Each structure stands twice: as structure tokens, then as C-alpha cells.
There are 4 protein chains.
Amino acid sequence: MNTFGKKFCLTTFGESHGKALGCIVDGVPAGLKIDEAFIQSELDRRKPGKSKLETARKEDDKVEILSGTFEGFSTGTPIMMVIFNGNQKSRDYDNVKELFRPGHADFTYFHKYGIRDYRGGGRSSARETAARVAGGAIAKLMLKTLDIEIVSGLCEVDGIKAKDYDFEYAKSSLLYALDREVASQQEEAIISAKKKHDSVGGVVLTIAKGVPIGLGEPLYYKLDAILAEAMMGINACKGVEIGDGISSASLKGSQNNDAITPKGFRTNHSGGILGGISNGDDIVVKSHFKPTPSIFQEQDTVNTSNEAMKFELKGRHDPCVAIRGSVVCEAMMALVLADMTLLNMGKKMEHLEKIYQS
Amino acid sequence: MNTFGKKFCLTTFGESHGKALGCIVDGVPAGLKIDEAFIQSELDRRKPGKSKLETARKEDDKVEILSGTFEGFSTGTPIMMVIFNGNQKSRDYDNVKELFRPGHADFTYFHKYGIRDYRGGGRSSARETAARVAGGAIAKLMLKTLDIEIVSGLCEVDGIKAKDYDFEYAKSSLLYALDREVASQQEEAIISAKKKHDSVGGVVLTIAKGVPIGLGEPLYYKLDAILAEAMMGINACKGVEIGDGISSASLKGSQNNDAITPKGFRTNHSGGILGGISNGDDIVVKSHFKPTPSIFQEQDTVNTSNEAMKFELKGRHDPCVAIRGSVVCEAMMALVLADMTLLNMGKKMEHLEKIYQS
Amino acid sequence: MNTFGKKFCLTTFGESHGKALGCIVDGVPAGLKIDEAFIQSELDRRKPGKSKLETARKEDDKVEILSGTFEGFSTGTPIMMVIFNGNQKSRDYDNVKELFRPGHADFTYFHKYGIRDYRGGGRSSARETAARVAGGAIAKLMLKTLDIEIVSGLCEVDGIKAKDYDFEYAKSSLLYALDREVASQQEEAIISAKKKHDSVGGVVLTIAKGVPIGLGEPLYYKLDAILAEAMMGINACKGVEIGDGISSASLKGSQNNDAITPKGFRTNHSGGILGGISNGDDIVVKSHFKPTPSIFQEQDTVNTSNEAMKFELKGRHDPCVAIRGSVVCEAMMALVLADMTLLNMGKKMEHLEKIYQS
Amino acid sequence: MNTFGKKFCLTTFGESHGKALGCIVDGVPAGLKIDEAFIQSELDRRKPGKSKLETARKEDDKVEILSGTFEGFSTGTPIMMVIFNGNQKSRDYDNVKELFRPGHADFTYFHKYGIRDYRGGGRSSARETAARVAGGAIAKLMLKTLDIEIVSGLCEVDGIKAKDYDFEYAKSSLLYALDREVASQQEEAIISAKKKHDSVGGVVLTIAKGVPIGLGEPLYYKLDAILAEAMMGINACKGVEIGDGISSASLKGSQNNDAITPKGFRTNHSGGILGGISNGDDIVVKSHFKPTPSIFQEQDTVNTSNEAMKFELKGRHDPCVAIRGSVVCEAMMALVLADMTLLNMGKKMEHLEKIYQS
């Protein structure tokens, strides 16, 4: 239940204020060059405190590989990566010990397990996404050798939508904004909310290019279904769309079908997936993030004895989780595609003959 | 890859024009009364040809249980259900033998497997959802004993939105419409599209009531993530929202957080799920369906030799797949909740003591 | 829990006296020629009543494929096979309704589930192995295209050991005996026990030839471990050995190690498996079957109210289950090897390049 | 593929000469007191160098918990345990870099993956069993609260069999011998082989007491089948027996059946398992270990270019792996029983009512 994937598998562990967090990546084919600098750079993209748009909390997120590689290459054995937690200010959380923070998992973890590590959300903290990014980085390395690339960026912040998508610009933008025209407006919305001790939501667009036809397993491990699971499972995500998604529900069939030509599909309303299987076009996914529940306004809540209480947050928190969500969405898409790539092997007898009869 | 669920598992088989289709439901606790009439009634709700809003194709969908019950009760062994296909008009599909129908899985199945059963979409046909409904019916029987109920209906057709949700009305509506005020307008949109040889999309709202706190497994089998997977995996679904979903991305944190009171949550923006775990409130999911790709207008496509061709559909098809999608959404939600109910057992040492030390 | 395998998966259903039993085989690569006559011939090898050494019970075991093939080839979708049960004499079991038969699963099923289908053992009946044989036959068809062959036979009956192994002879022997010199002695032991209303045990030797180096997944899906699971899971099996097995425990390392030469291993003490991975030599497994628990002598037991009772069996039963166990062992080994063959794909980056970059 | 179990899951990582090895234990119910001293004491029982009967290699095997506990109790989140490797003498392995050691996994890993960490066997080293013992210790803590206890010891060394089983004596014996009468004879056999630069095999008997009726999942996750998988998966294990095992194959049914009385089974030939489900009696398993393949005699082998070579071992190795195998067998049995205990929950509707309707 802490494992994602069937053949390329990520298992994560760790709490936000425990000793360490990390992951085991199992199923990586042997002979993949493991570029540790790249893995670290991915973590650096996710780590907080890079700008005033993010929490001021500093996390070093130095990742260390403890197993599964030899002389710079994967060996086919589990790759274990660990990030030791620095000095976390646990006392920031003393006042939430007996309280449930509105919008957080405190309430449900406590009732499910009868016990919870209340420090910074424990296991339910978005800090766990560092382990996803580390695992996703390995997936990206594998996909890169097959010429599959994943890009992402924010196409909406606080209701302000991008009109144009520039993934190159997003890379250099503090908020991974896709549209330079509205980026400063989006930025102001975040800062304005922050000043009011409030938070805003946002939408991440993630695209995979170069995906071959045939990835995705009908009928209960479809590419679109698993992408939906992957994205919806990221903290604060409340909606997922594939291709034209929600807007396709108000189109006519004649508008929404992608005509097929000898050179490929004329349009890509489908987001590159038909019948749960990739069709060779770009895979297009939108993930909708709610505003950070951690706001600095007084809120109504109850304590563990179910008595009405007022809750006032301390600590440092992101005013817009969608920003760092961008890197996490890429990681999740990479994990899904790496898994689907391996699962697809052996779907035709021809594959077996290629591998075993040469 | 044809199995859904981890402990309450549905495995389906069958093609739309093969001899039969059906499913094995594994993991059903022993001692559940298996009400066969109820299972059949669920299939009757899904079966086509009930009104002019649906395909005129007749499918009897008589379900038969071949194993797993004894004297009317589940025995803990796999419950196998089969629906034999009647005389399907396979010749309707002769003209698609060498062609790929735009918007369908023909193209991707052919390329993934190098072979496809082209008759009626074969395995990728929405006909397979009959097996989901049969499995979902067993899940509902189990949930009913725990006072969990699932309801659904269409909250949008061709862009026409319901303003009010009346699940009782939906039960008697030909299109499972949630709002009697807009139902006839929605109906007209469907008939109008049908006359133009076109199709429309729609949105299904599915709600579970009576779900206890604690269902859902962090971090990679979260209730919201698996509901997203379940819904997105239904044919033609392109978007999934939990609770306020997409609209929460344009709210402020102070608007979106559900305050907690001793009597429960004041609002339910979250859709009954926090940190991937049910919080005791209604579980609320919206599933967005694209317009049926099967339209009766000429379309551009290619044949299996990648030559440009014109495609004109024959046969009988639903002008709005979302209608029958309603019953399927309920089935998928039931399967998810049944699985999560079983998975949740043993999460506390207290559970073990209750079962083993009595 | 009724599914075997991770990528080439067998899911079975059905009770001995229910309407039908059968299986779904999922994960079969597309494009495999499905030889239905071969599948039926495998079932015929397993079916009872072929000689006086077996139960006189007649079971036709006619298998029918309901899905997953098209024009004689696998399509990559689930292959469903069903065997309808003929007129079973359920009344033979009226006297066991309230009793637990010694050596049978009656006692444990009743206590685990609180309910049991007592007719002929219900789900726990060895009749379920027909479904394994059907699934194993598909696995054999796949392995055959890779030049992997599986043979088996009885190397011991009632303590009478074969001195020489002749797999060709076994094919024509009524008891699948491996050694023609002791076969009649073994046969007499069975008939003698039968006359005394008793039963005997036996040992099946199963060998796979042509297995490539590299099958088996360390560390928790090792080839030897999964073969042990596969064999021990067959009804009445109480011991499993790989290669020299038990006798290797009384050898010295210098005797037991298989020296390696440029032409291969000098000996095969290991049974073709090192570190859980096939080494290119024959895979050698011995499965030890207890004597049939169904004997016609009066035995002490209790009823469902835990009162002491005398039990006297009616009906028709095999005096030596190991005989028909031979075909089942082959099927299980075929299922394991088919699964391992698919799982092994993608273990090297080189595999991916072969499949995706051509 | 590096994960064992379905609900109580052990995932291990690490190589013998890498930075660290360890495991994630997932699925532990919340609220279990985690006795770290007990976990360490289990590792101490396994660690090498405790006597002249074992390798002189020193491994500290200090285990550290990095996640999943809070204030001494399990929280329901993954428990990660790590053992950092001390200074391993990697240069001992320089001479095996290009060679395959007879009886080892070198040959198969190299061919499967095209790359191997040759230092001390890398991932295939028995050192990995430390992670199993750590995971098994958590399983034992859980089972202890349900009054289930597991004991083990050597019932055979180099062909010298124990006549009597004294599990108390085994605890204090240097070789975990079960019979004090033959222990010194067994000890001498080990020392004699060691002097001759050879090694010996042995047999471990493992017993679980207090197991409730009902553990084990028919038909493909049977208790006996999974115990067989668990034991056969331990390095060097070549044979597994349940209950009377192999000897039952030469008994008559009338001798082998366990009569049932109101006070329980009169005998326990079955080893406490009927139809794959525990029957309330002691679970009895024998695991047969081959002699350590690491011997100090010159052996024939090939190098990675398949040229004939002479191989002479350096380093320090156990003359009898079965000794330390005893603790590992206990760990594996504990993992299986913990998993089966959790899986069994929800098998009856009655279970659900107890948990959800109170």
C-alpha cells in the first residue's frame, strides 16, 4: 500500500519529521547509467524555499543511493535512496498535537489508525513527494534512453489561466508558469493571498512526448486510468483530465473525434490515449490542485476529544502547493510510463521471439 | 491486467461478439446473502434499448452464477458470473475489418497486439461494462449490510447542467437525469444530435452515503486515487473530480477548507476524503464522458496498410454513452468501497484482537 | 487468492459439484496459435476413470473456450475456459454433510468460512486441478514455441522407487510410471491397497528441458521458491525437492557443487537453478504426495457440533492421487515457466532497445 | 520482486558489500509496541562469528529504525530498518571478478542481468537474510500479542539426525541443535569438514504453536504452499516438507490420516495444515539446506569469456549454512503467519460486522 507500479515499482517510507525518508525503486532494468547529479537536480527543483512564492522552510533534500548500483550502472537489484531529515522544528507542531487541522489528513489518520505522528503531518506531509521525485528521476533516465521526454508547468493559478503554453519558459519561471504573459499576474495572486494569510489553488499541465504506440494495459491498468490514479494521489490534487478532458463532455462526437491520416492523428483531443492505450501522440494530463489547506487564519475545528476549538497555524507553509506540484506530476507520469513500458514487453509473441530466439 | 481490486477483486473476460462475457468476483466474505434478482436488476438498468435515447441494439444480458455460492449464500470461494452473447450481427462490422474507427481503440489494439477482434470493438467494447455491473452488484450487496448506499445520475448533458440534484427522480428518468427542470432539454439535445448523426457528452455524479471514517490506504492506494482510476477506466471517461474538484483550484484556502465541528464537517468541499482516507462525509465523484465516438457521419481514417480512407459507420450506437455510464459509475464505486472496506481490516491491532481473541 | 502468477496469470473458479468449473488465463501474448485439440488432450490425460488404478468416477471434462481467441490465435485478452459439470451424484455426500472427513479440508473450510459446500469437497476438491491443466496447456503452447518442453512421471509409489527414468515409457504407462521394471510392482501395491479399502502415496518427478539461462526473479520470486509454492499447492502434496533436494543435505560441498566447464555444468545436483535463477540445465523437481485421504475404512471424526462420530466413506475415489498428480505437476511447472519467461523481459536495458528501438 | 507478502509485506534492499542493506515492513497494524531490543536480539542470533562453527567474519548488524514508529508504537506507516555495512574486505573478491564460483549465483546473475556486483555475491549473498530477520522480528512481535510462538532448531547435520527435539536446548546450543545427545557429534562433523576445507548440509525444523484455525488462503495462497515458497527461497534451501512430508508418501491412507476427536486431532501427520488452511495444531516445516558452496578446495569453473579456469576461494565462510538458517526459517515463518493473519480478516461477513458495526 506504499508501493506504486507493477513492474517498475516505487516503495516509499518516511515521515516529515522522522529521521529520514526515501524510497526503493525496484524493477529497473540492469545496465542503465544512473546519473546521480540528475537525480539531485530533480530534487532541487522540488525543494522548498527557492523563492518568496514558496514556504521559507529550508530542506536540503540531499539524496544518497545505498544499493542497487555498481560502478555507475543499475544492476537489476533494488535501488534504495534516502534523504535524511535535518533539524525540523517539531515544536512548531506542539499546538496541533490534540487538534485536527481543517483540510488536512490529521482527522482521518487519527481515526483510521488510532495513533498519528502529528509533527508536520507525519506520513501525510507533502514532504513525502521528495521520494516520488527521486524515483521519478530514475524513471526519467530510463525513458530518456527511449527518447521519451516529460515536461510540465502551471497553466492556471488562482483562476488565472495561461493562454499559451511555453514549456521552455516554465523551466526558468519561479512558479513554473507556462505563459509569460500572465505569469506576473499569477505571481501577484499568490503574494496577495499570502499577505492575507490565505492560499490559492492551481493547475499543472504535464505532457509526455515520444511515447510509442501501445503503452497501457486493458482493461484494468489502462494508461489513462493509472495516470488519473497517479495524479489524484498527489497531495491536494482534486481533479484530473486526459486530453480535452472535461471540455470534451460538452462537445459533439463530430468535433471531438480525432481524424486519422497516413501521417498520424489530425488533432489530439484524446490526449494521446485511445481505449487506455497510447496512440503515439503526446500524452496530455491536467492536474487540479486545491489551495494549500495550511492557512494562517483562525479556523474552527475539534480536538481529539471532539470538543470545539479554534485553530491557528504556526510554522511555514507554501501559499500555493501547485507550484512544487509541477515537478511531482512529472515524476508520477515518468513512473507510470516506465511501468507501462516494461509491462508492454511480451504482449506479442514476436517480442518473445526477439528476446529468446536470438 | 484484467483484474480490479486487491482484496475484493473483479476479473472480467469476454468480447462483444464472442461467445460470452462475464467475471469472477474473488474475495467476497463468506455468509453474504446473494440476491440474484438484485444482480439481474442492476444489469437491466445498464442494458441498452430501453428508450429512444439509447442504441436500438437489444442485449438480454441474462446473468448466471456458475460458482461460489451454496444455498443462496457466498462461501468465500470465487463467484463466477457469465452472460452469453445472443446473436450479434457480426456482419455489421465487415466494413471496419481493415479500417480504424476514429475515436476508438481499434488503432491502439491493433498496434499493441498485432491482431484484433474487430467485431464491435471486441474486448474494448463498452459491452464489457456489463461484467463490471455484475461485480458491482455483489459489492453493493456487501456494502448494504454495512449501511453504505451508492446513488448516481447525470448532472450535465451536452453542456446543459443540472442546477439541483434529485437522486430519486434520476431513478425514474430515462436518462438518469438529476434535475427534472432541465431533463427534457437534455433529452432534446440527445435526440437532436442523433438526428444529425452526431453524439453528445455528459457528466455523471456518483455519491456514496454512510461510508465510515477510515477507508483508503495511504499512500499509494488512496481512496481518491483509486476512485479516479476506477472512473477514468470506464470507456469514454476523460475527466474525474473529487468533491469540488476542478472548481476548488480557483478557490482560496479559507473558502475551500471544511471547518470541523463536534457534529462533523460544516461543509463538504473535500468530497468526503482527506489525505486519501474517507472522513465520514458523503463521497462525491464526478465523471466526465466524451461524446460517443460512433457517429454516422463520414470521417477520415486509414486502413491497416496506413492508406487514407473514408469511414462511414453502420450498426446501432448510443448517442450519449454517459446515460448508461451512470450505472457503471455506481458499480465501480461499489467495487472500490468494498475493496477498501476489506483492506481496512487489520489496520489497528485492536481489529486483530476483536477477531482473534474472542 | 484464486490467481496464480504475476504476468501469465491463471484464475480458477468452480466447485466439484457446482454447475461448472474453469479458469481465466490472462497475460497470454497475442499471436499464439491456440491448439484446442491439444488442450483437450491434456485434460484427457488428467481425467479419472481411465483404468482400474483410478477412481471409477466418470468425468467428461470437455473444455470450451469462451473468450480471448480470434480465428485460432490469442488476441492478448483474457482466455476463458469452462468445463460444465455433468450429473454428479451429490447424494453420495449426504452422509458427510455434518461430518468432517479425516485428512480433508472440510474441517478447515468450515471453520474459516463458517459455511462450506460439502458436496465432494466443493472448492477444495482435486477436481479443480482440471482448471490448472487447462491453463497449463496454454502455457505449454507458449513454451513450445520457445523450445521448452516439460515431462513427468512417477518415480515412487507406496515406497517402491524407480531406479531408472524413462519419460517415453511413462507416457504409455497406466500410472505414468518412470521405470518399467518396477511399474507392475507399483501397480500391484495400488490394487492391493484398494482391495484393503486403503490408499497409497507416491512421488512425481517433473523436468523442464530447454529452459534458457535467466528465468527467476530474485529475491522473492525465485524460480525454485515459486516451483515449491506451485507444487506444494497441489492437493495432497506434502514435500518438494529441487535437484538433489533432500539428499544434498547429507552431502559435502565438494560433492554437491556442480563444476562449470566451457560446455556447461559437469553435473546437475542443483536441479538447474542457482540463486533462484535458471542456469540453462534441466529444471528438476520432485513432488511428494500423501496417500489419498479418502479411504473406505471406518475412521474417528467429529460432526459440526464437535461430537465424536464414526465416519465411513461412500462414493468413488482414487487409491493413489499421485498418478493423476503427474499431469497436474506438469501444468504447474508450465505456468511457472511461462510467467517467469514474461517477467524476465525487460531485465536488461538491451531488451528494451530490442523491442522499442527497432 | 523484492517484496514478500501481500498485506504484511517485507521489501528488502542491499548488497553484501554495498553501503547498507535493510528493509521496509509495510502493513504492520497501528498500535503495536515496537521492541527495538528484541529486534536487535534476533539479529544477534543470526549474525556470524559467534563460534568456531561459523565464519570468522565479523558483522555488527546494528539495526536502526528510520520510519514508521512514533513514541515506541507502530503508526500503520511503513517501518524502514537499515543496517549499515562496516568495512567489508572487498579485495577478497578481486580474484572472483572474472570467475563464476561453482554452486553460487554468480553465473546466473551475470547472464540474467549482463552485469553483477561480484563482491561477496552482491545481492545474492546470504547477508541479505539479515533484512529478513529484522522483518521477521516485527512479525513475531505482532504474533506474540496473539499468543503465537515460533521455535526452531537443527534436526540433522551432515546426515546425523536428531532423535529427540528439545527446542529449549536448541536456544543455548552453538549450532541450534535440537538433540543434545547428537549435538557434539554434529559439531565434530562440521569441524572435521572445515579442516578438510569442505562444508556440510543440514536440516532445520521450524514449528509454530498457538496458530488459530483458518489461516491460509485457498487456492493459490495456501499456507503450506507459501511456507514452501518462503523456505525454498532462503539461500541454499533445496527441499521443504510439511508435517510428515516425504515420509507420508510411503504411508497408507489409514496410517497417514489424522483422526479427529472432540479434543482435537489425535495425531499431527499433516503438520497442522489441511487444504492449505491451518487446523489449529502445530505448524511443522522442515527445510533442507545444501552444504555451503563456498569451500576452500580447488574447483573447475569458467570465466566470463567461458574459458576453463581453476577457482580457489579466499575469504571467510560458514562451513554449515544451516546453522544460521535456523533463525532465518523462523523469520520467514513469522512473516508468512503475520501475512495470513491479516489476510484472513474479512473472510466472514461476521468479521465485518464486528469491526464496522460496533
Within segment C:114-139, restricting attention to residues that are crowded, with 24+ Cβ neighbours inside 10 Å, away from chain D (no Cβ under 14 Å) and not β-branched (Val, Ile, Thr), which residue is nearest to residue B:66 (Cα to Cα)? C:134
How many residues does segment C:99-123 contain that are within 19 Å of residue C:291 (Cα to Cα) and assigned to a loop (DSSP other than H, G, I, E, B)? 6
With respect to the numbered conditions (1) among the basic types (Lys, Arg); (2) under 27 Å from residue C:68 (Cα atoms); (3) surrounded by fewer than 21 Cβ atoms within 10 Å (Cβ to Cβ), which one is the sole condition not fulfilled by residue B:46? (3)
May I ask you to say which residue of C:165, C:169, C:113, C:220 is touching a helix residue (DSSP H, G or I) at 6+ places or on another chain (Cβ under 7 Å) and aromatic (Phe, Trp, Tyr)? C:169
Criterion first (over 30 Å from residue C:217 (Cα atoms) and either more than 9 Å from every other protein chain (Cβ to nearest Cβ) or in contact (Cβ under 8 Å) with a residue 60 or more places away in the chain (or both)) does residue C:320 satisfy it? yes
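Is one or more of the residues making up segment D:279-291 at the interface with chain C (Cβ under 7 Å from one of its Cβ atoms), in contact with a Pro (Cβ under 7 Å, 6 or more places away or on another chain) and either of a type in the set (A, V, I, L, M) or touching a residue at least 40 places away in the same chain (Cβ under 8 Å) (or both)? Break it down stepwise before answering.
Within segment D:279-291, the first condition is being at the interface with chain C (Cβ under 7 Å from one of its Cβ atoms), and the residues that meet it are D:279, D:288-291.
Still in the list and also in contact with a Pro (Cβ under 7 Å, 6 or more places away or on another chain): none.
So far as segment D:279-291 goes, no, none of its residues is at the interface with chain C (Cβ under 7 Å from one of its Cβ atoms), in contact with a Pro (Cβ under 7 Å, 6 or more places away or on another chain) and either of a type in the set (A, V, I, L, M) or touching a residue at least 40 places away in the same chain (Cβ under 8 Å) (or both).
Residue-wise test of (1) among the basic types (Lys, Arg); (2) crowded, with 23+ Cβ neighbours inside 10 Å; (3) in contact with a Leu (Cβ under 7 Å, 6 or more places away or on another chain).
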{"residue": "B:159", "(1), (2), (3)": "no, no, no"}
{"residue": "B:201", "(1), (2), (3)": "no, yes, yes"}
{"residue": "B:224", "(1), (2), (3)": "no, yes, no"}
{"residue": "B:229", "(1), (2), (3)": "no, yes, no"}
{"residue": "B:235", "(1), (2), (3)": "no, yes, no"}
{"residue": "B:255", "(1), (2), (3)": "no, no, no"}
{"residue": "B:259", "(1), (2), (3)": "no, no, no"}
Can you list the helices (runs of 4 or more DSSP H) lying wholly within segment A:155-241 that have 1 or more residues being touching a residue at least 12 places away in the same chain (Cβ under 8 Å) and closer than 17 Å to residue A:290 by Cβ? A:180-195, A:223-232
Conditions (1) among the acidic types (Asp, Glu); (2) under 30 Å from residue C:1 (Cβ atoms); (3) at pLDDT 95 or above -> residue C:147 fails only (2)
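Is it true that some residue in segment D:151-163 is among the β-branched types (Val, Ile, Thr) and within 14 Å of chain C (Cβ to nearest Cβ)?
Restricting attention to segment D:151-163, the residues satisfying the condition of being among the β-branched types (Val, Ile, Thr) are D:151, D:157, D:160.
Next, only the ones that are within 14 Å of chain C (Cβ to nearest Cβ) stay: D:157, D:160.
Yes; the residues of segment D:151-163 include at least one that is among the β-branched types (Val, Ile, Thr) and within 14 Å of chain C (Cβ to nearest Cβ).
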Of (1) closer than 20 Å to residue B:247 by Cβ; (2) of a type outside the set (Gly, Ala, Ser); (3) at the interface with chain B (Cβ under 7 Å from one of its Cβ atoms), residue A:231 fails just (3)
Output the number of the condition that residue C:65 fails; it satisfies all remaining conditions of (1) under 22 Å from the mean Cα position of the chain (by Cα); (2) more than 9 Å from every other protein chain (Cβ to nearest Cβ); (3) modelled with pLDDT of 95 or more. (2)
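How many residues are buried (at least 24 other Cβ atoms within 10 Å of the Cβ) and free of Cβ contacts under 8 Å to residues at least 24 places away in the same chain when one looks only at segment C:1-18? If you could, list the steps in order and put the result at the bottom.
Here is the first cut: in segment C:1-18, the ones buried (at least 24 other Cβ atoms within 10 Å of the Cβ) are C:2, C:4, C:8-15, C:18.
In the following step, the residues that additionally are free of Cβ contacts under 8 Å to residues at least 24 places away in the same chain were identified as C:2, C:11.
Residues that pass the stated criteria total 2.
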Go through (1) without any contact (Cβ under 8 Å) to a residue 24 or more places away in the chain; (2) surrounded by 23 or more Cβ atoms within 10 Å (Cβ to Cβ) for residue D:247 and report which single condition fails. (2)
Taking segment A:245-266 and keeping only residues that are more than 7 Å from every other protein chain (Cβ to nearest Cβ) and either over 23 Å from residue B:305 (Cα atoms) or assigned to a helix (DSSP H, G or I) (or both), one is left with A:247, A:255
I need the full set of residues from segment D:60-75 which are on the phi > 0 side of the Ramachandran plot and either surrounded by 22 or more Cβ atoms within 10 Å (Cβ to Cβ) or in contact (Cβ under 8 Å) with a residue 60 or more places away in the chain (or both), in order please. D:61, D:68
From the list D:20, D:37, D:56, exactly one residue is out of contact with any Asp or Glu (no Cβ under 7 Å at 6 or more places or on another chain), under 30 Å from residue D:158 (Cα atoms) and among the aliphatic types (A, V, I, L, M). Which is it? D:56
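Could we say that residue A:193 is surrounded by fewer than 24 Cβ atoms within 10 Å (Cβ to Cβ) and either within 23 Å of residue A:278 (Cα to Cα) or touching a strand residue (DSSP E or B) at 6+ places or on another chain (Cβ under 7 Å) (or both) here?
Values: surrounded by fewer than 24 Cβ atoms within 10 Å (Cβ to Cβ): yes; either within 23 Å of residue A:278 (Cα to Cα) or touching a strand residue (DSSP E or B) at 6+ places or on another chain (Cβ under 7 Å) (or both): yes.
The answer is yes for residue A:193.
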If you check C:313, C:274, which single one turns out to be farther than 22 Å from residue C:154 by Cα, touching a helix residue (DSSP H, G or I) at 6+ places or on another chain (Cβ under 9 Å) and at the interface with chain D (Cβ under 10 Å from one of its Cβ atoms)? C:274
Pick from segment A:15-54, criterion away from chain D (no Cβ under 14 Å) and among the basic types (Lys, Arg), ranking: farthest from residue C:351 (Cα to Cα): A:52
In segment B:91-102, is there at least one residue being modelled with pLDDT of 95 or more and among the aliphatic types (A, V, I, L, M)? no
Per the list (1) free of Cβ contacts under 8 Å to residues at least 40 places away in the same chain; (2) more than 8 Å from every other protein chain (Cβ to nearest Cβ); (3) among the polar types (S, T, N, Q), residue check on residue B:303 breaks on (1)
Can you confirm whether segment D:206-218 contains a residue that is at pLDDT below 95, at the interface with chain C (Cβ under 8 Å from one of its Cβ atoms), under 26 Å from residue D:148 (Cα atoms) and buried (at least 24 other Cβ atoms within 10 Å of the Cβ)? yes
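The values are calculated or read from the model by the stated rules, or taken from the named source; none is laboratory data. Source: prediction; values computed, not measured. Here the Cβ is made from the backbone with ideal geometry for all residues, glycine too, and neighbour counts use every protein chain on show.
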